[in-house]
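Here's the structure we're looking at; comments come further down.
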Amino acid sequence: MTYERVDVAVIGAGQAGLSSAYALRRSGLGFVVFDHNPGPGGAWRHRWPSLTLSAAHRVHDLPGLPLGEADASRPASEVVSEYFGRYERTFDLPVHRPVDVTAVRDDEDGRLLVDTSEGVWSVRGLINATGTWERPFWPYYPGRETFRGRQLHTVDYRSASEFAGRRVVVVGGGASAVQLLMEIAEVASATAWVTRRPPVWVDGPFDEARGRDSVARVEERVRRGLPPGSVVGATGLMLTPEVRAARDRGVLERLPMFERVTPDGVVWADGGSFAADVILWATGFRASLDHLAPLRLRAPGGGIEIDGTRAVRDPRVHLVGYGPSASTIGANRAGRTAVRDLRALLGRARREETAAVS
């Protein structure tokens, strides 16, 4: 069978994928980028319209082309999508979209076969930059299927106006849960905020030392082959002026996890209850890695053990935007690291092939 052949395939065209593609463009390696989305922007293009650029976690510049001055009042989804599109055009990045990657598997000649919706590609190395947005996590609690109101996940959120006059339960302890709760509380008749663990509020600036500490904790998990968790989650919840004001109004009074869901709301183990029209599950995401399953990269702990960005079980595979590099600045650095290591690996393989023929 004849396949399209290239040195490296990049799966995903968000921050991690584009930073990797930039490094590949400068490396001399042939490459292709596959993106599931119909247009530029990665996960940012799906963020809710009320998330303005000023309210979003910092959008770090991609290498080689700063974002520049942007209207902070505009939706982050629009600003970032335009920026990523400009980046792809500026560096003439070969992004194929919309393309679904269904599997990555071994070939007999030591290459990797990438099964996609536009055919099979044969590659010598792979950078996986698929992120998490397409795998929202819905935890199960008894009775969840009996609830007569509306249930939605962060990925489904569009506007607080949908919750006007409603009684809303927000489940989740991350930054998105806090931000959505503050928006919804402005129009809802009542809200309840429920988390598994008490929130950790962080005062003061998120400086470089705090960032290094958060990344180190996630990196330790992936080195042990455990699911990485979230870099953002490891930082705690920042006490911005808006968050302080919401706390003062009583909006951010946290409740422990309920025991079960009923047709009309939620109930705690002590018998307390909250009647609800809506349950918003702001419960995070899991890494989109199912297409890598044929390579058997997962460790017994359930995660993929990585060293830097390299999958320990297969040095041809690098994960960027996974674990310690799952942040905007981390993805930029990881993209450079992955390309440097792949260039060395593929160059060594070529020299060995040449020596064998000689």
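Of the residues L67, L62, L53, the single one that is surrounded by fewer than 19 Cβ atoms within 10 Å (Cβ to Cβ) and touching a helix residue (DSSP H, G or I) at 6+ places or on another chain (Cβ under 8 Å) is L67. Test A21 against the criterion of being assigned to a loop (DSSP other than H, G, I, E, B), within 14 Å of I127 (Cα to Cα) and in the same structural domain as G321 (by TED's automatic domain parsing), and give yes or no. Here the answer is no, as A21 does not meet what is asked.
Looking across region 162-182, just one residue is surrounded by 20 or more Cβ atoms within 10 Å (Cβ to Cβ) and either among the charged types (D, E, K, R) or at positive phi (or both), and that is G172. Does V33 meet the test of being surrounded by fewer than 19 Cβ atoms within 10 Å (Cβ to Cβ), assigned by TED's automatic domain parsing to the domain that holds A338 and either modelled with pLDDT under 90 or more than 21 Å from R286 (Cα to Cα) (or both)? Criteria not met by V33.
One residue alone among E69, E88 is charged (D, E, K, R) and closer than 30 Å to L239 by Cα, and that residue is E69. Pairs are defined by a Cβ separation below 8 Å, a sequence spacing of at least 6 or placement on different chains, a first member in region 267-282 that is touching a residue at least 12 places away in the same chain (Cβ under 8 Å), and a second member that is outside any loop (DSSP other than H, G, I, E, B) and of a type in the set (F, W, Y); the pairs so defined are V278/F163. Of all the residues in region 36-50, those that are farther than 30 Å from T116 by Cα and loosely packed, with under 14 Cβ neighbours inside 10 Å number 1. Summed over region 270-320, residues that are touching a Lys or Arg at 6+ places or on another chain (Cβ under 6 Å), among the charged types (D, E, K, R) and closer than 22 Å to S19 by Cα total 1. Note on region 70-104: residues that are within 18 Å of the chain's Cα centre (by Cα), part of a loop (DSSP other than H, G, I, E, B) and over 16 Å from H36 (Cβ atoms) amount to 0.
Please work out which residue is farthest from L292 (Cα to Cα), limiting yourself to region 128-177 and to residues that are out of contact with any Ser or Thr (no Cβ under 9 Å at 6 or more places or on another chain) and aromatic (F, W, Y). The residue in question is Y141. Once region 288-308 is narrowed to residues that are touching a residue at least 60 places away in the same chain (Cβ under 8 Å) and part of a loop (DSSP other than H, G, I, E, B), the residue that is surrounded by the most Cβ atoms within 10 Å (Cβ to Cβ) is G303. Counting residues in region 50-63 that are in a strand (DSSP E or B), among the aliphatic types (A, V, I, L, M), in contact (Cβ under 8 Å) with a residue 24 or more places away in the chain and out of contact with any strand residue (DSSP E or B) (no Cβ under 8 Å at 6 or more places or on another chain) gives one or more.
The values are calculated or read from the model by the stated rules, or taken from the named source; none is laboratory data. Note that this is a predicted model, so its numbers are computed, not measured. Cβ sites come from the backbone with ideal geometry, for glycine too, and all protein chains shown count toward neighbours.
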